[in-house]
1. Would you check if A:GLN188 is in the same structural domain as A:ALA144 (by TED's automatic domain parsing) and at pLDDT below 95?
2. For region A:128-142, enumerate the residues that are modelled with pLDDT under 85 and either loosely packed, with under 10 Cβ neighbours inside 10 Å or not in a loop (DSSP other than H, G, I, E, B) (or both).
3. Do the conditions hold for B:ASN33, that is, is it under 30 Å from B:LYS156 (Cβ atoms) and modelled with pLDDT under 95?
4. Based on this model, can you work out whether B:SER100 counts as assigned to a helix (DSSP H, G or I), surrounded by 15 or more Cβ atoms within 10 Å (Cβ to Cβ) and not aromatic (Phe, Trp, Tyr)?
5. Would you mention how many residues in region B:55-97 are facing another protein chain (nearest Cβ under 7 Å) and either in contact with a Cys (Cβ under 8 Å, 6 or more places away or on another chain) or not charged (D, E, K, R) (or both)?
6. Output the number of residues of region A:1-54 satisfying the condition of being away from chain B (no Cβ under 14 Å) and of a type in the set (Lys, Arg).
7. Is it the case, given these coordinates, that A:GLY231 is facing chain B (nearest Cβ under 8 Å), touching a residue at least 24 places away in the same chain (Cβ under 8 Å) and out of contact with any His (no Cβ under 9 Å at 6 or more places or on another chain)?
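The values are calculated or read from the model by the stated rules, or taken from the named source; none is laboratory data. Just so it is clear, the structure is predicted and the values come from calculations on it, not from any experiment. In this analysis, Cβ positions are derived from the backbone assuming ideal geometry, glycine residues included, and neighbour counts consider all displayed protein chains.
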Amino acid sequence: MENTINLTLKVWRQNGPKDKGRFETYKVENISTDSSFLEMMDILNEQLIKENKEPVAFDHDCREGICGMCSLYINGRPHGPDDDVTTCQLHMRKFKDGETVTIEPWRAAAFPVIKDLMVDRTAFDKIIAAGGYVSVSTGGVPDANAIPIPKVDADEAMDAASCIGCGACVAACKNSSAMLFVSAKVSQLALLPQGRVEAKARAKAMIAKMDELGFGGCTNTGACEVECPKGVSITNIARLNRQYLAARFSE
Amino acid sequence: MSNFLTASIGRKFIMSISGLFLMMFICVHLGVNLLLLFDDSGELFNLGANFMATNPLIKVMEPVLGLGFVVHIIWSFLISLQNYKARPVGYDKSNAAYSSTWASRNMLVLGALVLVFLVMHIIQFFIPVKTGGLEATMIDGVEMHNTYALVAGLFKSSVLYCILYIIGGALLGFHLGHGFWSAFQTIGMSNQYWLKRLQCIGKIFAIVVAVGFAIIPLYFLIKF
């Protein structure tokens, strides 16, 4: 029993980073409610190509919710109206027949629009490069059980590590703050003995880079946690605050 | 420590510490104010007010308190400006209410409204008390300001001011409802267990403060 719906799409179009951009309205018909949001976008683009129009540029890669490439601010929420999913895992059954769907790119000074719905998220890579790693001395591989780690710590580190770096936290935050992303990347290392060695320098370097790149500050609205497709907790932000303040006060 | 005061977490730290300090002041202020309810002759409140006015510790803390207000207000604008600049192009359609509370997104607006209230409050009570001109009263052989007459007089004479003070209490309550746990989160004193506890304590604290301050004009409004 396959259902189909017709939709009006209000899509942000922008020719390039310098272009002012505008909304354009398109109609798509007979969209299966079993298709994903990105498949619906593919259908729209095929339609546009047949009409000799420029297809809509949007980011996507694995389409199974783990790569963090897809974005899209759909009907006022990052990754659309479903909870704990990325846009590629969002299904058209979440929309009503005849509905108007507004599709916008992530909005942040640190994420400039490249074209249409694609934004430049290399700012995240720059933050990681500033300290989101563990320096490892070369040599033989250490035994897996040489450093015992409590289960609770391992679980919390794993939860933090589930961040896929999609940028929904920045898109959801009224301040375009990257604090949830940075705190997840700091926590996944800070909770483990291997990461503690460089913990102080890491927190300082990553926050300095975050500020430099033009992300806003955290005002604890908690929107990031709600919209995060992986449910990364804001308790990571408290940990980052703690680490950063400890690092600064011990200077 | 060179750029600590301009770093995002550094700025938030200033907001948090000044906010926690102002919350302590609010507790003391509320405690003394509630004396208004328990003695309609005014003796109890006058004794409380006189204790606060003559206590050397309070004298020392008064300029610190003023500084706390100034810092909290100035930094709020610095932070808001920085955060505003982080999103030059806004969304056409935003469903922010799904993921966060109105108060948490509008702390600057709530704070600004509390500031408007504060200015009115200072003109009505703080300045008359400090510049003298209040009638004196004798309690147990000690001469002191009849602060009770000033406060009770205002609330008994004006329904409008009673309502404004009730609104002021409510605004402060909404501000603290987010501000309390947020202050602890910012200085890192939160984790998976304490986050929920602090949010709950914050809500209770906000309700106690809002109801506590609002009940005073309400008392005068109903009883007199």
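1. Details: in the same structural domain as A:ALA144 (by TED's automatic domain parsing): yes; at pLDDT below 95: no.
No.
2. Filtering region A:128-142 for residues modelled with pLDDT under 85 gives A:136-142.
Across region A:128-142, the qualifying residues are A:VAL136, A:SER137, A:THR138, A:GLY139, A:GLY140, A:VAL141.
3. So B:ASN33 does not fit the description; no.
4. Values: assigned to a helix (DSSP H, G or I): no; surrounded by 15 or more Cβ atoms within 10 Å (Cβ to Cβ): yes; not aromatic (Phe, Trp, Tyr): yes.
No: the conditions fail for B:SER100.
5. Taking region B:55-97 and keeping what is facing another protein chain (nearest Cβ under 7 Å), we get B:79, B:82-83, B:85-96.
Those left that are additionally either in contact with a Cys (Cβ under 8 Å, 6 or more places away or on another chain) or not charged (D, E, K, R) (or both): B:79, B:82-83, B:86, B:88-91, B:94-96.
Residues flagged as facing another protein chain (nearest Cβ under 7 Å) and either in contact with a Cys (Cβ under 8 Å, 6 or more places away or on another chain) or not charged (D, E, K, R) (or both) within region B:55-97 amount to 11.
6. We begin by selecting, within region A:1-54, every residue away from chain B (no Cβ under 14 Å); these are A:1-7, A:15-16, A:26-54.
Adding the requirement that they be of a type in the set (Lys, Arg) leaves A:27, A:50, A:53.
Result for region A:1-54: 3.
7. Numbers: facing chain B (nearest Cβ under 8 Å): no; touching a residue at least 24 places away in the same chain (Cβ under 8 Å): yes; out of contact with any His (no Cβ under 9 Å at 6 or more places or on another chain): yes.
It is false that A:GLY231 is facing chain B (nearest Cβ under 8 Å), touching a residue at least 24 places away in the same chain (Cβ under 8 Å) and out of contact with any His (no Cβ under 9 Å at 6 or more places or on another chain).
Residue by residue, here is whether (1) surrounded by fewer than 24 Cβ atoms within 10 Å (Cβ to Cβ); (2) modelled with pLDDT under 95; (3) not assigned by TED's automatic domain parsing to the domain that holds A:ASP59 holds:
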{"site": "A:ASP159", "(1), (2), (3)": "yes, no, yes"}
{"site": "A:PRO193", "(1), (2), (3)": "yes, yes, yes"}
{"site": "A:LYS209", "(1), (2), (3)": "yes, no, yes"}
{"site": "A:ALA223", "(1), (2), (3)": "no, no, yes"}
